[in-house]
1. Can you pull out every residue in region 341-352 that is touching a residue at least 40 places away in the same chain (Cβ under 8 Å) and over 25 Å from the mean Cα position of the chain (by Cα)?
2. What number of residues within region 33-58 are hydrophobic (A, V, I, L, M, F, W, C) and over 23 Å from Ser89 (Cβ atoms)?
3. I need the full set of residues from region 38-49 which are of a type in the set (Val, Ile, Thr) and surrounded by fewer than 17 Cβ atoms within 10 Å (Cβ to Cβ), in order please.
4. Name the pairs whose Cβ atoms lie under 8 Å apart, with the first residue in region 109-135 and without any contact (Cβ under 8 Å) to a residue 60 or more places away in the chain and not assigned by TED's automatic domain parsing to the domain that holds Glu98, the second among the basic types (Lys, Arg) and buried (at least 20 other Cβ atoms within 10 Å of the Cβ), and 6 or more positions between them or separate chains?
5. Which one is surrounded by the most Cβ atoms within 10 Å (Cβ to Cβ) among residues in region 350-404 that are part of a loop (DSSP other than H, G, I, E, B) and among the hydrophobic types (A, V, I, L, M, F, W, C)?
6. Could you give every pair whose Cβ atoms fall below 9 Å, whose first residue belongs to region 312-327 and is in contact (Cβ under 8 Å) with a residue 40 or more places away in the chain, and whose second residue is part of a helix (DSSP H, G or I) and polar (S, T, N, Q), counting only separations of at least 6 or pairs across chains?
7. Out of the strands (runs of 3 or more DSSP E) lying entirely within region 133-242, which hold 3 or more residues that are over 17 Å from Pro280 (Cα atoms)?
Amino acid sequence: MNLKKNDILKLNINSISSEGSGVAKTEEGITVFVPNSAVGDELNVRIIKVQKTYAFGKVEEVLTPSPDRITPTCSVGYKCGGCVYCHISYEAELKAKEQRVKDAIERIAKLNVPVRPIVCTGEVNRYRNKAMIPAGLSKDGKITMGFYSNHSHRIVECNDCSLQPQCFLKASEILKAFLQSHNISIYDEATGKGLFRHLYLRLAEKTDELMITLVINGKDLPFSDVLVDAFKDELPNLKSVVLNVNREDTNVVLGKKSKTLYGEGFITDVLCGLKFKISPQSFYQVNRKGAQLLYSKAAEYADLKGNEVLLDLYCGTGTIGLSMAHKAKSLIGVEIVPKAIEDAKENAKTNGIENARFICGDAAKAAETLKAEGLTPDVIIIDPPRKGCDKSLIKTISDFNPERVVYVSCDPATLARDLAVFAELGFITQEVTPVDMFPRTAHVECVTWLKRK
């Protein structure tokens, strides 16, 4: 048969894709990706898009549910697209993520490497300490706040995301009432007009300090003192309110200019026994307890004895490296974001760490500079963005000839690709440990230990 849009097929879901969709095969062998389905489901599926060798469908009817199926706890889980696993048990989710890592290592890296059981905190709700909530207008002109639907900028209104602390909901309610009562215009991406753009929330879980950042398309927010007072009255853990100006036509949430309306413009959290200063622009793991598991595994793989030079590439605000600095002779952190380096230096000072040095610059170029200085790191930690490492950086790391490399990754596919390059340069991947930092979403982090052949 020639598969067409709106065809309805009876399909069995046999596996899960890396994006969290169920995978089925038609009688002709065409792969069909079906969101919100589970392994073991027997479904009637409506075809919504057809490509040459595969298609996309949506669940029309559940004929026989998978044993993994559960009732989603979020009323908009299917609409916003963030929690792709909200309809299956957490055990099934962990199994799917662990398999995703194994498949990437075997199929992309083509390596026979031990993949350890996935590590998790066991907490699937209220674990996020950060939220970026866009504001928009509904068709009837009412203010709506929530999250962008998958692969779009259509806002799905969400009154309470189960992944976020409840104080975020209260902050959203206060802001929405303020915007409505003071007739504050809402930013329109199509025209570039309107004032209010995003509500950006951060919570320091250990200290319970809340920071609210208001992103606007203008110089000032009218009646901002009234809004700050409302926040102070209703949110006892409020530590800081920041106004951020973003007048660019961009998908980037934060602009370059900020001013503090209340507090000191930052919050402080405790991670792995250290205090960390968090400003609006600072990178900080969104799951603190998960980050502690991740860093603990990274420290295990680094295996520091006290006399090593530790090089931390893509160091951000220094969290990973600083958590291990007490076990190293010296720590050198490299990061391209100037504000993150400022925070890293401040974090080292706050924690009395005197054997740390931080360099602002591109990881590959900074590594070349350190090499020119004659630096010979014993252990190198890399925590690159989702795109992974450039081959030039991997070559530079190899030229340093470190005893061990610890690779922290947020994408199993790019990790696997890079491990193949490391293998070509004489590094053996000892083992990989997946860490579930983002329950209910498709994302999975990994910590990998590499050793010179």
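1. Passing the criteria: Thr350, Asn351.
2. Residues that pass the stated criteria total 5.
3. The answer is Ile48, and nothing else.
4. none
5. By that ranking, first place goes to Cys389.
6. Final answer for the pair search is Thr317/Asn347; Gly318/Asn347; Thr319/Asn347; Leu322/Asn347; Ser323/Gln292; Ser323/Ser296.
7. 143-148, 155-157
Yes/no matrix, rows are residues, columns are (1) touching a Ser or Thr at 6+ places or on another chain (Cβ under 7 Å); (2) without any contact (Cβ under 8 Å) to a residue 24 or more places away in the chain; (3) surrounded by 21 or more Cβ atoms within 10 Å (Cβ to Cβ):
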{"position": "Gly194", "(1), (2), (3)": "yes, yes, no"}
{"position": "Arg202", "(1), (2), (3)": "no, no, yes"}
{"position": "Lys206", "(1), (2), (3)": "no, no, no"}
{"position": "Val215", "(1), (2), (3)": "no, no, yes"}
{"position": "Phe223", "(1), (2), (3)": "no, no, no"}
{"position": "Val253", "(1), (2), (3)": "no, no, no"}
{"position": "Thr260", "(1), (2), (3)": "yes, yes, no"}
{"position": "Ile267", "(1), (2), (3)": "yes, no, yes"}
{"position": "Cys272", "(1), (2), (3)": "yes, no, no"}
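The values are calculated or read from the model by the stated rules, or taken from the named source; none is laboratory data. Quick caveat: nothing in here was measured; it's all calculated off a predicted structure. Quick reminder, even Gly has a Cβ in these numbers, built from the backbone with ideal geometry, and neighbours come from all protein chains shown.
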